[in-house]
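**Q** One structure coming up, written as structure tokens, with questions to follow.
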Amino acid sequence: MPFKPVILWTDALVFLLVFIVLITIWYVRNNEHLLAPWRRVGHSTSGMSALTVLLVFIAIGFLDTLHFRPALEHTNSQGERVYSVEVLSVLDIVLTPLRTNVEKTYSAPLATHLYTKETVDLPDGSQKRTFARLEFGGAHLQDPDTEHLQDIGWRAITGACLGLLAWCGLHALLCLSMARRSKNNFVQCFQAIWRRTTEIPWHAILITLAFIFILIGAIAMLAVHYHVLGTDKVGQDVLYLSLKSIRIALIIGTLTTLIMLPFALLLGITAGYFRGWVDDVIQYIYTTLNSIPSVLLIAATVLMMQVYIETHPEIFETIAARADIRLLFLCIILGITSWTSLCRLLRGETLKLREMEYIQAAHAFGVSHWRIISRHILPNVMYIVLIATVMDFSGLVLAEAVLSYVGVGVDPSMISFGTMINAARLEMAREPMVWWALLAAFAFMFTLVLCANLFADAVQKALDPRIRTYQYNNRQLNQGLSQSHAATATTQQAAAQSSITPVSADTVHRPPRQS
Amino acid sequence: MNTLLEIENLKTVLHTGSNPVCAVDGLSLTINKGETFALLGESGCGKSMTALSIMRLLPDTGEIQAGAVRLNGNDVLQLPEASMRRIRGKLISMIFQEPMLSLNPVMTIADQIDEVLKQHLKLKNDAAEHRIMELLEQVGIPDARRRMHEYSFQFSGGMKQRVMIAMALAGQPELLIADEPTTALDVTIQSQVLDLLRQVQQQNHMAILLITHDLGVVSEMAQMVAVMYAGEIIEQAPRENFFAQPAHPYSQQLFASLPAKQKRHQALAVISGTVPSLSQQFKGCRFADRCTHAFARCHDTEPQWHAIAGNHKVRCHLYDSAVAPVQNKPIADIALKTGAALPQPPANEPLLQVNGLKVHFPIRKGLFKRVVGQVKAVDGVSLNIYAGKTLALVGESGCGKTTVGKSILQLIEPTAGNVRYNGHELVGMRREQLRPLRAQLQFVFQDPYSSLNPRMRIIDILQEGMNALDIDAPAMNTQTSQTPLSREKAVDALLDCVGLPVEAKWRYPHEFSGGQRQRIAIARALAVNPRLLICDEPTSALDVSVQAQILNLLNTLQDDFGLTFLFITHNISVVEYLADEIAVMYLGRIVEYGRIDEVIENPRHPYTQALLSAVPMIDQSVNASMIKLKGDLPSPASPPVGCHFHPRCPRAMPVCSQSYPAASIISPTHYTHCYLYSQEHTTDQHEH
């Protein structure tokens, strides 16, 4: 075999997660009433655009999760193949030129010369302090001063055109597959998409994809001969660093949430539902946990881990495995320390819900506590979980940056947004300023978190049966009622807003109800 | 004519969703100075939108598209917003339905009234304070000098509504718009507030636009009545004419759907269907689809106004002598179907026996949560319900009615006493032991909006009980088929039983109206085949016509399946219509208990007498002198010493404040706790 697959701990967990997601999708597809709300997610324009971008990120992250050790040329004394100690991922192979084209030090995006002056030996033996040419960036240009801009422009445009061409192919494929399914012809499907009459907003997805394809095309063309986002202090390509960071961000965001959720859900709901001494105990636990500075707790645990790793080098075959185990423990520790706020929210919501009459009706049927929690309370608090986890996602990625700053974050050999931001601390302070590393980290994180937020928003709207995102044309039993409700709801806002008359300023109008 | 307000062809549109909703469509009315004008209609008819259009306080989505609102001849719709501010609170004031939500909890009462005075009268501090005190005294707030500096949460519901009225009066308006001013209040408090409104109106000579759905309130207050339906006024008349002879079929059916004693064992008239969606384009009469007298013309031509007598006019083709088919002329009293009133043989053993039931909630304070007192929500209640009968538990809010119902089902653990159902003692049973009995006792909750889980489909809601209690099919289905039905079939049968289409089971609760939701809640309770159904104010959140549907349903269920009801309510007319026995509760204890005819016709306890007289009567001929109760319900945390009712009782004696009266037996089935009646036949069962 030319390579030896390596499954790191976090990889295993990611595969497990993917497996669970696939099972869930299969289960939902077979249940019409579960499928219906997810169809409504598909009707949301912003949600589907966000999902498209999110899927690109996830694809990059997933490629980066498939690890292996390439075989080396020589064999050992027993004639067995020897594998490199360096663990690579599929993404590394895809990005080989970016990974291997390492400059001496900082260079600006798309530059042909270094960002710092250095002493170079001229052919005539004399020395001169100047901006040296880059080893790889723009190395093909004879005269950078005249050809540089032209070359960049030409490459960007060609790349964009190629991207657009690929996009057109994809569009045609989509139309073809739609045509085969709906037994319409190709043109009808094309028209349906752009007249926005399709059930899923394909036009929005296609526009998003067009942007992505053009961007990827242009960058790919440029990246062969330039460092599109510049290089960092040791000359690594910032684009490569950013793409590699995506996996770490996704893992910290998802694994930590997964570790945190069982604590928060179980403890929060039990505390709110059973009250009494259970509530007291859980409240004391999270109040205590909350009062310990989390950085302290994390630092102590990570340092303990570090000592263990260093005293047991034989357990870890490669550096990557060592770094990975550290990442996993970071996730676990972050998860264990960050469930308290969600737990508190869930407890409060459950306290409110348990007094609802439908819970009491369930009690009157003798429904068991476990069923009440899982059938009545859990679905009604899911919106909080969804919002809180997405909000936490960005917080966790940032927490990783903070921890890296303190020195207890991910392993220094690992590339993450946290280490990039941490490095930017010095880069922003130097003169002239190195801005591109921070900007790249910012742009990637911003896009990722924004898309996650938009998608979560769409999911939350669709899963709430009380909110209608898709206009039902038939099956409207009592439109009048829902409208009168909408009317009174807005009346409340209006009455609350108008601080004009004292009477109305303090009054809220309510729909008639006898008590 | 001394016209104060003239609305001409008002059209208000709400831009919500895809279709604009025409909440008010071509409404015209005239209010004279010093007159009380009642706008009557069911929820969703556009009553409140009319009021908000007059004040120009519509929500952002609302738009007044056409019409004129002339106040003293000036069109307020043409005024700029700045001049509108001088009108609001000064010329027109408004009071809202929920006094609890209408006052700012972080401002004192005085500060809130002061805002009006500062805006409109530019009063200086001392003068303003004096005026605030005057206003509060005018609305009957005792100890106004001290209480004006208190916050709204320190006032009771009735007192808050008084404060709201004081605030509305502060600018000395010429028109007071009262939007359901008493709907959220108890009957005895309602009569106090209505009384106050009348007094204030006479003193200040202002006009009142009273918006309500309660025919009783209209008959007590109004001089002119306008009935609103689907955004337009369909009938307008002076009160006497309206109540003597309602002309529009809708008004007639509203009267017919009111429950009353005379209609016992009869099905109530029901207006089929629901108020039509206001977003559609109407063609013809808006009520035609639900009208029993509709004929072809009703469906395609919009009816015009037809005068009947004097200023009694109606919008109905039946009164157009040119077109109306003569034989179809509606008669004021609609013939009712007489249901089978089966005289059931009285059972010897009561199905449910409640003895000395007490529910106390401890009040905890301090670091160690020490118990410093008890809220005695239920303090020794004894009831007997016989199979197939209906017992009504009546009382004001906060008297512990609901707690009694929930503690019978062991949803709230009783502090003392026992509940025997069919020979089983329920108190102290463990959860698992109780489960087999759960199927026999079920509960229907007050608010159909919070009693159904919004995230479960109807089929899941209905099957929940069957699954939990492992019941295959409700008994009512075995009549139709011998083989046991599958659970899904059982759900179909249940929906059919409560009059909902079978397809409804795939939907979520929010897709249904209040009445439909309450039917689902009843179906859910029936799913486990109960024998006793505890109904906690099942109709209080619903409109009159929907209430009639639910009451009919309950009646049918009792006739067909021999269900036993414990009916918890504050609505006396529903009690008169439905109940066999009545128990009147006051502050956690039953003060009077007896058969329905005994108690209603011959109430003995002063509280029962006051409660019955406070109910607004539609029939003005029975002009019973109203017994006014002072003050509010005391806190159950510190009930008055002696008879709980003595501080409010018009016939209190010195002995009343010393100890709680024992039961006075009036007849074998009728007893009361009052010193006015001889105390000799005391039974230890009712002692405390």
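**Q** Can you give me the C-alpha center-to-center distance between the range B:395-467 and the range A:200-236, rounded to a whole angstrom?
**A** If we compute the Cα centre of each part, the gap is 62 Å.
**Q** Once the mean 1/r over all distinct Cα pairs of the range B:1-43 is inverted, what Kirkwood radius in angstroms do you read off?
**A** On the way: mean 1/r = 0.0810 Å⁻¹.
For the range B:1-43, inverting the mean 1/r across all distinct Cα pairs yields 12.3 Å.
**Q** Using only the alpha carbons of the range A:378-447, determine the length spanned along each of the three principal axes and report them from longest to shortest in whole angstroms.
**A** 54, 24, 16
**Q** For a footprinting-style exposure proxy, rank B:Phe512, B:Phe255, B:Phe567 by other Cβ within 10 Å, fewest first.
**A** Working: B:Phe512 22, B:Phe255 18, B:Phe567 28.
Ordered from fewest to most neighbouring Cβ atoms within 10 Å, B:Phe512, B:Phe255, B:Phe567 come out as B:Phe255, B:Phe512, B:Phe567.
**Q** Here is a follow-up. How long are the semi-axes of the ellipsoid equivalent to the range A:316-374, from square roots of 5 times the Cα gyration tensor eigenvalues, in whole Å, largest first? Kindly include the intermediate steps, with their values, before the conclusion.
**A** Values: eigenvalues 365, 41, 5 Å².
Gyration-tensor ellipsoid for the range A:316-374: 43, 14, 5 Å.
**Q** Could you list log10 I(q)/I(0) for the range B:136-291 at q = 0.16, 0.17 Å⁻¹, which the Debye formula gives when each Cα is one point scatterer?
**A** Each listed q maps to, in turn, -1.00, -1.07.
**Q** Starting with the fewest neighbours, write out A:Ser177, B:Ser451, A:Ser46 ranked by other beta-carbon atoms found within 10 Å of each beta-carbon. Write out the running numbers ahead of the final one.
**A** Details: A:Ser177 11, B:Ser451 25, A:Ser46 14.
Ranking A:Ser177, B:Ser451, A:Ser46 by Cβ neighbours within 10 Å, fewest first, gives A:Ser177, A:Ser46, B:Ser451.
**Q** Which value does Rg/Rh take for the range B:195-245 over its C-alpha atoms, Rh per Kirkwood?
**A** On the way: Rg = 11.9 Å, Rh = 12.0 Å.
Here Rg/Rh amounts to 0.99.
**Q** Moving to a separate point now. How long are the semi-axes of the equivalent ellipsoid of the range A:24-67, defined as square roots of 5 times the Cα gyration tensor eigenvalues? Whole Å, largest first.
**A** The answer is 25, 16, 4 Å, longest axis first.
**Q** What range in chain A is the longest one free of chymotrypsin sites (Phe, Trp or Tyr not before Pro) that are in a loop by DSSP and have at most 15 other Cβ atoms within 10 angstrom? Before the final figure, lay out the partial values.
**A** Values: sites that count: A:Phe316, A:Trp435, A:Tyr470, A:Tyr472.
Answer - A:1-315.
**Q** Just want to confirm a number: the relative contact order over chain B, from Cα pairs under 8 angstrom separated by 6+ residues, in percent.
**A** Working: 1323 pairs, mean separation 86.1, N = 688.
After rounding, I find 13 percent.
**Q** What are the extents of the Cα atoms of the protein assembly as shown along their three principal axes, in Å, largest first?
**A** Extents along the principal axes, in whole Å: 126, 74, 70.
**Q** What is the ratio of the Cα radius of gyration of the range B:352-496 to 2.2 N^0.38 Å, where N is its residue count, to two decimals? Don't jump to the answer; show the numbers that get you there.
**A** On the way: Rg = 18.6 Å, N = 145, 2.2 N^0.38 = 14.6 Å.
In units of the globular-protein estimate, the range B:352-496 measures up at 1.28.
**Q** So, one more: Per DSSP H run of at least 4 residues, take -39500 (n - 2.57); add these up for chain A, divide by its residues and hand me the 222 nm value, nearest 500 deg cm²/dmol. Walk me through the numbers on the way to the answer.
**A** Working: 19 runs with 338 residues, N = 515.
Rounded to the nearest 500, it is -22000 deg cm²/dmol.
**Q** In addition: Quick one: net charge around B:Glu432, please, counting Lys, Arg +1 and Asp, Glu -1 for every other residue with C-beta under 15 Å from its C-beta.
**A** Numbers: positive: A:Arg371, B:Arg430, B:Arg431, B:Arg435, B:Arg438; negative: B:Asp470.
Surrounding charge for B:Glu432 is +4.
**Q** Give me the orientation-averaged projected area of the Cα convex hull of the range B:351-400, in nm², one decimal. Numbers along the way, then the final one.
**A** Details: hull surface 18.5 nm².
If I average the Cα hull's projected area over directions, I get 4.6 nm².
**Q** Loop-only check: which trypsin sites (Lys or Arg not before Pro) in the range B:548-644 are DSSP coil with at most 14 other Cβ within 10 angstrom? Kindly include the intermediate steps, with their values, before the conclusion.
**A** Details: sites: B:Arg589, B:Arg595, B:Arg604, B:Lys628, B:Lys630; in loops: B:Arg604, B:Lys628, B:Lys630.
Loop-located and lightly packed - B:Lys628, B:Lys630.
**Q** Now for a separate question. Which of the GluC sites (Glu not before Pro) across the range A:326-410 are loop residues per DSSP, with 16 or fewer other Cβ within 10 Å? Spell out each step's value before the answer.
**A** Numbers: sites: A:Glu349, A:Glu355, A:Glu357, A:Glu400; in loops: A:Glu355.
Qualifying residues, ordered by number: A:Glu355.
**Q** With N denoting the number of residues in the range B:181-269, provide Rg(C-alpha) divided by 2.2 N^0.38 Å, to two decimal places.
**A** 1.21
**Q** If every alpha-carbon in the range A:235-335 counts as one equal scatterer, what log10 I(q)/I(0) does Debye give at q = 0.16, 0.20, 0.22 1/Å?
**A** The computed values of log10 I(q)/I(0) come out as -0.88, -1.10, -1.17.
**Q** Could I ask something else about it? What residues of the range B:643-667 lie in the reach of a label at B:Leu676, counting those whose backbone N is under 11 Å from a point 7 Å from the Cα along Cα→Cβ?
**A** Flagged as within label range: B:649-653.
**Q** So how long is each side of chain A along the principal axes, counting just the alpha-carbon atoms, biggest first, in Å?
**A** Principal-axis extents of the Cα atoms in chain A, largest first: 100, 65, 62 Å.
**Q** So how far apart, in nm, are the two label points at B:Glu240 and A:Leu398 if each is 7 Å from Cα heading toward Cβ?
**A** Label at B:Glu240, label at A:Leu398, 7.5 nm between them.
**Q** State the three equivalent ellipsoid semi-axes of the range A:1-104, derived from the C-alpha gyration tensor as the square roots of 5 times its eigenvalues, in descending order and whole Å. The partial results should precede the final answer.
**A** Numbers: eigenvalues 311, 76, 14 Å².
Whole-Å semi-axes of the equivalent ellipsoid: 39, 19, 8.
**Q** I've got another one for you. State the Kirkwood hydrodynamic radius of the range B:557-645 in Å, one decimal place, computed from all pairs of distinct Cα atoms.
**A** Values: mean 1/r = 0.0673 Å⁻¹.
The answer is 14.9 Å.
**Q** Moving on. May I ask you to compute the full-extension gain from A:Thr116 to A:Thr45, defined as 0.36 nm times their residue separation minus their alpha-carbon distance, rounded to one decimal in nm?
**A** Working: separation 71, 0.36 × 71 = 25.56 nm, distance 4.66 nm.
The span from A:Thr116 to A:Thr45 would gain 20.9 nm if fully extended.
**Q** Moving on to the next point. Can you work out D for the range B:384-460 in µm² s⁻¹ from Stokes-Einstein, where Rh is the Kirkwood radius over C-alpha pairs, the temperature is 25 °C and the viscosity is 0.890 mPa s? Could the numbers behind the result be given before it?
**A** Numbers: Rh = 14.7 Å.
After rounding, the answer is 167 µm²/s.
**Q** Give the value in nm², to one decimal: projected area of the alpha carbon convex hull of the range A:170-221, averaged over all directions. Walk me through the numbers on the way to the answer.
**A** Numbers: hull surface 14.7 nm².
Orientation-averaged projected area of the Cα hull: 3.7 nm².
**Q** Now for a separate question. Taking only Cα atoms, what is the 0 to 90° angle, nearest 10, from helix A:202-223's long axis to the longest principal axis of chain A?
**A** Helix A:202-223 and the main axis of chain A meet at about 20 degrees.
**Q** For the range B:426-578, how big is Rg over Rh, using alpha carbon atoms and the Kirkwood form of Rh? All intermediate terms of the calculation are to be shown ahead of the outcome.
**A** Working: Rg = 15.0 Å, Rh = 15.8 Å.
Using only Cα positions, Rg/Rh for the range B:426-578 is 0.95.
**Q** Taking H as built 1.01 Å from N, whose amide H comes closer than 5 Å to the amide H of A:Ala132, not counting residues under 5 places away?
**A** The list, which skips near neighbours in sequence, is A:Leu114, A:Glu118.
**Q** What whole number of Å gives the distance from the Cα centroid of the range A:338-379 to the Cα centroid of the range A:78-117?
**A** 53
**Q** If you build the convex hull over the alpha carbons only and average its shadow over all orientations, what do you get for the range B:1-120? Give it in nm² to one decimal.
**A** Values: hull surface 36.4 nm².
Over all viewing directions, the range B:1-120 projects a mean Cα-hull area of 9.1 nm².
**Q** Hey, what number do you get for chain B at 222 nm if only DSSP H runs of n ≥ 4 count, each worth -39500 (n - 2.57), divided across all residues, to the nearest 500? Present the calculation step by step, with values, prior to reporting the outcome.
**A** Numbers: 22 runs with 203 residues, N = 688.
Rounded to the nearest 500, it is -8500 deg cm²/dmol.
**Q** May I pose another question? I need B:Arg519, B:Arg438, B:Arg364 ordered by Cβ neighbour count within 10 Å, fewest first. It would help to have the intermediate numbers written out before the result.
**A** Working: B:Arg519 25, B:Arg438 22, B:Arg364 11.
Least to most surrounded, the residues fall as B:Arg364, B:Arg438, B:Arg519.
**Q** While we're looking at this one, here's another question. Quick one: divide the alpha-carbon radius of gyration of chain B by 2.2 N^0.38 Å and tell me what you get.
**A** On the way: Rg = 26.7 Å, N = 688, 2.2 N^0.38 = 26.3 Å.
Rg over 2.2 N^0.38 Å, computed on Cα atoms: 1.01.
Any read-out appearing in this document is the output of simple, stated calculations on the displayed coordinates, not a laboratory observation. Owing to the predicted nature of the structure, the values given are computational and were not obtained by experimental measurement. In this analysis, Cβ positions are derived from the backbone assuming ideal geometry, glycine residues included, and neighbour counts consider all displayed protein chains.
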